[in-house]
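The values are calculated or read from the model by the stated rules, or taken from the named source; none is laboratory data. This one's a predicted model, so the numbers in the text were calculated from it and none came from an experiment. All Cβ positions, even for glycine, are placed from backbone atoms using ideal geometry, and neighbour counts span all protein chains on display.
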Amino acid sequence: MVDCVVAEDEELLRASLVQQLGEAWPGLRVVAECEDGASALEAIAAHQPDVAFLDIRMPGLTGIQVAAALAGSSPRTQVVFVTAYDQYAIEAFEKGAVDYLLKPVAPERLQATVQRLQARAAGGGPDQATLDALLQHLARRPPSPSAPPPLAWITASNGRETRLIMLEDVAYFRADSKYTVVVTAEGEALLRTPLKELLAVLDPNRFRQIHRSTIVNLAAVQSVLRDDSGKGQLRLRNRSETLPVSAPFMALFRGM
């Protein structure tokens with residue numbers, strides 16, 4: 001059997017892709033279905049699948065960011081990006097380091113992708129150097145003109161008081177049941193927006209997920225400590241506590 005992870009934030013599209021894969025590739029076993037980039041990264045690190053189908057635009061980590069982290073957590077995994085029409089990305093994918101599928105996925109196109117994946121696996125798997133170059137190219141893609149601007153401030157409650165907090169003052173966000181804890185140098189407050197919804201509106205160049213339950217402001221990070229197990233700790237500039245970084249997310253801090 002060939003193991004596979006499917007990551008797509010839209011439930012119906014995810015279910016459809018899984019069904020199509022079952023028909024096009026009987027020897028494929030879907031070991032995890034994920035609805036966001038963080039869970040996809042963790043699932044791939046845990047299962048070490050042969051193939052990962054990654055939606056490019058997901059809450060939090062994009063499919064491109066997940067793929068960029070795989071060199072450290074699951075280097076043998078072949079990547080297929082699933083995307084709406086995006087000429088900039090398509091031109092990059094044509095270089096052949098990875099494959100891509102356009103939504104909605106056409107059966108004949110999926111069958112061609114399956115054949116290429118099988119051929120590439122027989123030839124020794126992905127070319128990591130070419131893949132790295134492709135991902136760097138995609139990361140430099142100009143933002144979509146239709147994309148809404150990231151948040152500049154939020155309102156959060158502290159007892160009976162409602163506070164206006166500028167995003168630049170946030171050290172990190174922490175999931176807490178149905179709420180999100182907003183942590184600044186001055187203290188904590190509660191936000192009713194779940195962490196997953198918050199990820200979709202934060203500036204990805206400023207805020208980075210480091211754990212399933214934690215998003216950190218990179219400007220608040222003083223240093224990154226790595227241990228022998230592959231996990232890490234972040235020291236903050238204006239807070240005494242350290243923040244754990246789960247092993248799959250440590251690859252996102254390469255170069256720091």
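Does ARG208 satisfy the criteria of being in the same structural domain as ASN158 (by TED's automatic domain parsing), under 20 Å from the mean Cα position of the chain (by Cα), within 20 Å of ALA69 (Cα to Cα) and of a type in the set (Lys, Arg)? Even if it seems obvious, please write down each step before you answer.
On the way: in the same structural domain as ASN158 (by TED's automatic domain parsing): yes; under 20 Å from the mean Cα position of the chain (by Cα): yes; within 20 Å of ALA69 (Cα to Cα): yes; of a type in the set (Lys, Arg): yes.
Yes, satisfied.
It is to be established whether one or more residues within segment 213-221 are more than 22 Å from ALA68 (Cα to Cα), of a type outside the set (Gly, Ala, Ser) and outside the structural domain of CYS34 (by TED's automatic domain parsing).
Checked against the condition, which is being more than 22 Å from ALA68 (Cα to Cα), of a type outside the set (Gly, Ala, Ser) and outside the structural domain of CYS34 (by TED's automatic domain parsing), segment 213-221 yields no hits at all.
Within 21 Å of SER73 (Cα to Cα) and without any contact (Cβ under 8 Å) to a residue 24 or more places away in the chain: does that describe LEU243? Quick ask: steps written out before the conclusion?
Values: within 21 Å of SER73 (Cα to Cα): yes; without any contact (Cβ under 8 Å) to a residue 24 or more places away in the chain: no.
Spelling it out, it is not the case that LEU243 is within 21 Å of SER73 (Cα to Cα) and without any contact (Cβ under 8 Å) to a residue 24 or more places away in the chain.
Can you tell me which residue within segment 229-256, out of those that are over 20 Å from the mean Cα position of the chain (by Cα) and of a type in the set (Ser, Thr, Tyr), is surrounded by the fewest Cβ atoms within 10 Å (Cβ to Cβ)?
Step one: of segment 229-256, the residues over 20 Å from the mean Cα position of the chain (by Cα) are 229, 235-242.
Add one more test, that the residue is of a type in the set (Ser, Thr, Tyr), and what stays is 229, 240, 242.
On the way: SER229: 8, SER240: 6, THR242: 14.
Among those residues, the one meeting the criterion is SER240.
Out of VAL6, VAL66, VAL30, VAL18, report the one residue that is at pLDDT 95 or above, outside the structural domain of ASN205 (by TED's automatic domain parsing), assigned to a helix (DSSP H, G or I) and of a type in the set (Val, Ile, Thr).
Criteria check complete, one pass: VAL18.
Please count how many residues of segment 215-228 are in a strand (DSSP E or B) and surrounded by fewer than 14 Cβ atoms within 10 Å (Cβ to Cβ).
Final tally of qualifying residues: 4.
Inspect all residues belonging to segment 194-214 and state whether any of them is among the small types (Gly, Ala, Ser), closer than 18 Å to MET58 by Cα, surrounded by 13 or more Cβ atoms within 10 Å (Cβ to Cβ) and touching a residue at least 60 places away in the same chain (Cβ under 8 Å).
Yes: segment 194-214 contains one or more residues that are among the small types (Gly, Ala, Ser), closer than 18 Å to MET58 by Cα, surrounded by 13 or more Cβ atoms within 10 Å (Cβ to Cβ) and touching a residue at least 60 places away in the same chain (Cβ under 8 Å).
For segment 109-128, give me the residue count where each residue is within 18 Å of ALA71 (Cβ to Cβ) and modelled with pLDDT of 80 or more.
Residues in segment 109-128 being within 18 Å of ALA71 (Cβ to Cβ) and modelled with pLDDT of 80 or more: 2 in total.
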